[in-house]
Structure formats: structure tokens, C-alpha cells
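Peer 1: Just dropping this structure here.
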Amino acid sequence: MTKTKKRTVIVNRARFFVFLTLAVVVFNVMFLYAYNPSNTQADAVNKTETITVFAGDTIWSIAEEYGNEHEDIRNTIYKIKKLNNMKNAELKVGQSLLVPTV
């Protein structure tokens, strides 16, 4: 016995193309929403403040002071390190740091 494949036939071409167009539009809207350009690093750089490190300051204390209270402090520390091209969390008294503003 041989199996025969069912052949799909498009009965109403206009309805098919309307469906296809709507599917493409929905996909594009979802894609653009997921990759929102307003959350780029360039915006983060534009919304910064320069501070000076004082004796006793740590990257953690600076992140607590200047970070968003609704965001995990580790994310703020990451942003500070990234903005200042820091490989570790060592700070020096008198050092200028860019910190993201809320």
C-alpha cells in the first residue's frame, strides 16, 4: 500500500494574502517592541553624571546612592563599570566616575 500525500489547496487567495500580510505586520511589531532602540547604551551614556570618589567610597555605596531603587544594585554596578571601562571594582580617591542617572 502506498500512502498518498494530501495536497493543500488555497481556496480563497485574497483571504490568504490578508492573513499573510497581518502575520508579517504582527511579527514586525513584536520584533520592534523587543528591540526597542530607546533602551540603547547611547541613551545610558547621555544620561550620566560625573562624580568624584572620596575616601571610604566603594562602587557598592556609589551604586546605592546614584542607582535606581527599583533596579538590582548589581545592574547599577555593572553599568558604572561599563561606562568607566573598569575591569574590577577598585576606586582611587579623587577619581572621576561617570554614573548613570535615574
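Peer 1: Restricting the first residue to region 78-102 and requiring it to be at positive phi, which pairs with a second residue that is buried (at least 16 other Cβ atoms within 10 Å of the Cβ) meet a Cβ separation below 7 Å and a spacing of at least six or different chains?
Peer 2: Filtered contacts from region 78-102: Gly94/Val53.
Peer 1: From the residues in region 18-70 that are within 19 Å of the chain's Cα centre (by Cα), of a type in the set (Val, Ile, Thr) and within 21 Å of Leu83 (Cα to Cα), which one is modelled with the highest pLDDT?
Peer 2: Thr48
The values are calculated or read from the model by the stated rules, or taken from the named source; none is laboratory data. Everything numeric here is computed off the predicted structure, so don't read it as measured data. Virtual Cβ from ideal backbone geometry, glycine too; neighbours counted across all protein chains shown.
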